[in-house]
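Data first, discussion second: the structure below is written as structure tokens.
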Amino acid sequence: ADARALRLLTPFGETLDCGKGRDDDLLQAARVSLGSLGVIARATVATLPAYYLQRKLWLLPAGQMLDAAPELARRHRHFEFYYLPFTGYAAAITHDIRPPGSASRPESGDEDMLLELRRLRDWLGGMPTLRRWTAQKLIDPNLSEQAFDKSWRLLSTMRPTRFNESEWHVPREAGIACVREVIERLERRNDVFFPLEFRFVKADDAWLSPFYRRDSCSIAVHAAAGEPHDYLLTELAPVFRKYEGRPHWGKLHPYGAAELAALYPRWNDFLKLRRELDPKGVLLNSYLRRVFGVAA
């Protein structure tokens, strides 16, 4: 939503300007175009003055977190939670704008938590009841953290542990029901240990945005690199499909053109525009050919 104007260079060598009252349809198509409409040579982007954020992290039993999530999202500028598989707990994270001040940012414990979840899986993965009991004995339910810093420092996160990920965006009103079902499916597999991420996202007007004219809940599921991850699609994608989930373009998903056309109201308008700007498919790769339904 912050891209207000773009300049595209097409495969024909044309320069196309859109936005600021010029060809708004092209702007809404190009804002999420996966590189298929032209090279973006110039962008006018809305910005805000630099600001500071206060971060808070705390644990809640999973049921309480799911019940509280909509209200937490309403009260805070940013809210998300991570469900910790086979523990019964979820970690809430909020960010809110605060006046400038001295930074206070403790070292992240994310990697340590991930290591402990993996160890529990490795030791007790074949005994899920004992695994959950042990986790609840080890976890401090009063654990909490706070941090204060410039926004870009708190909102950018390092992830040293490599993983495969699939992320889906479902209608906001279906988000809690969907994530309950995803958690239940995940915990049918004793090899799962990676946390699930859940957040709220506002609607926008970009034609191929997963949030096109739909306030949404985003649900991301992960598997460690080097471990089986096909279940992220074979076992979980049907749940997201049930709730009309739109996939993240840059992450794992099984959809082709037919499934995607059913989820995006301006899908065919986008394909028509793409054919006009790049009829020979110069800008397409194998992935884009699959999702746009274009033969090689």
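Taking the condition of being loosely packed, with under 12 Cβ neighbours inside 10 Å and either in contact with a Phe, Trp or Tyr (Cβ under 6 Å, 6 or more places away or on another chain) or under 17 Å from Tyr82 (Cα atoms) (or both), how many residues in segment 126-140 meet it?
1
Just to verify a result, which residue in segment 160-175, among those that are closer than 25 Å to Arg131 by Cβ and in contact (Cβ under 8 Å) with a residue 60 or more places away in the chain, is surrounded by the most Cβ atoms within 10 Å (Cβ to Cβ)?
Per the criteria, the residue is Ser166.
Please identify the pairs in which a residue from segment 224-235 that is of a type in the set (Asp, Glu) has its Cβ atom under 8 Å from the Cβ atom of a residue that is exposed (fewer than 13 other Cβ atoms within 10 Å of the Cβ) and in a loop (DSSP other than H, G, I, E, B), counting only partners at least 6 apart or on another chain.
Cβ pairs passing all conditions: Glu235/Arg188.
Any residue in segment 131-159 that is aromatic (Phe, Trp, Tyr) sitting within a Cβ distance under 6 Å of a residue that is part of a strand (DSSP E or B) and open to solvent by 30 Å² or more (accessible area, probe 1.4 Å)? List the pairs, counting only those 6 or more apart or interchain.
Listed by first residue and then by second, the contacts come to Phe148/Gln54; Phe148/Ser104.
Test of understanding: among Leu283, Leu252, which residue is more than 30 Å from Arg159 (Cα to Cα), touching a strand residue (DSSP E or B) at 6+ places or on another chain (Cβ under 9 Å) and not basic (Lys, Arg)?
Leu283
Can you name the helices (runs of 4 or more DSSP H) wholly within segment 189-275 that have at least 1 residues being of a type in the set (Phe, Trp, Tyr) and under 20 Å from Thr161 (Cβ atoms)?
231-234
Condition check ((1) open to solvent by 60 Å² or more (accessible area, probe 1.4 Å); (2) aromatic (Phe, Trp, Tyr); (3) at pLDDT 95 or above; (4) under 30 Å from Ala62 (Cα atoms)) across all residues:
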| site | (1), (2), (3), (4) |
| --- | --- |
| Phe198 | no, yes, yes, yes |
| Arg214 | no, no, yes, yes |
| Cys217 | no, no, yes, yes |
| Pro247 | no, no, yes, yes |
| Arg275 | yes, no, yes, no |
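Which pairs have Cβ atoms under 9 Å, sit 6 or more apart or on different chains, and link a residue in segment 280-296 that is within 22 Å of Ala262 (Cα to Cα) and among the basic types (Lys, Arg) to one that is open to solvent by 60 Å² or more (accessible area, probe 1.4 Å) and modelled with pLDDT of 95 or more?
Within 9 Å, no pair qualifies.
Could you tell me which of the residues Arg105, Arg159, Arg118, Arg98 is basic (Lys, Arg), at pLDDT below 95, over 20 Å from the mean Cα position of the chain (by Cα) and more than 18 Å from Pro61 (Cα to Cα)?
Result: Arg105 is the single residue among Arg105, Arg159, Arg118, Arg98 that is basic (Lys, Arg), at pLDDT below 95, over 20 Å from the mean Cα position of the chain (by Cα) and more than 18 Å from Pro61 (Cα to Cα).
With a cut-off of at least 1 residues that are open to solvent by 80 Å² or more (accessible area, probe 1.4 Å), name the strands (runs of 3 or more DSSP E) lying wholly within segment 48-125.
52-61, 89-98
Would you pick out the residues in segment 132-160 that are touching a Gly at 6+ places or on another chain (Cβ under 7 Å) and assigned to a helix (DSSP H, G or I)?
Arg132, Gln136
Name the pairs: first residue in segment 63-76 and more than 17 Å from Val182 (Cβ to Cβ) and free of Cβ contacts under 8 Å to residues at least 40 places away in the same chain, second residue among the hydroxyl-bearing types (Ser, Thr, Tyr) and open to solvent by less than 30 Å² (accessible area, probe 1.4 Å), Cβ to Cβ under 9 Å, at least 6 apart or on different chains?
Leu72/Thr94; Arg75/Thr94; His76/Thr94
Within the set of pairs 6 or more residues apart or between chains, which connect a residue that is under 15 Å from Lys272 (Cβ atoms) and free of Cβ contacts under 8 Å to residues at least 40 places away in the same chain inside segment 21-36 to a residue that is surrounded by fewer than 20 Cβ atoms within 10 Å (Cβ to Cβ) and among the acidic types (Asp, Glu) with Cβ atoms less than 9 Å apart?
Close Cβ pairs (under 9 Å, with a partner that is surrounded by fewer than 20 Cβ atoms within 10 Å (Cβ to Cβ) and among the acidic types (Asp, Glu)) amount to Asp23/Asp17.
Touching a residue at least 24 places away in the same chain (Cβ under 8 Å) and either open to solvent by 10 Å² or more (accessible area, probe 1.4 Å) or not hydrophobic (A, V, I, L, M, F, W, C) (or both): does that describe Pro238?
No; evaluated as a whole, the condition is false for this residue.
The values are calculated or read from the model by the stated rules, or taken from the named source; none is laboratory data. The structure displayed is predicted, hence computed values, not measured ones. Note that each Cβ is placed from the backbone with ideal geometry, even for glycine, and that neighbours are counted across all protein chains shown. Note: accessible area is taken over every heavy atom of the protein model, side chains too, but ligands, DNA and RNA are not part of it. Shrake-Rupley method; radii C 1.70, N 1.55, O 1.52, S 1.80 Å.
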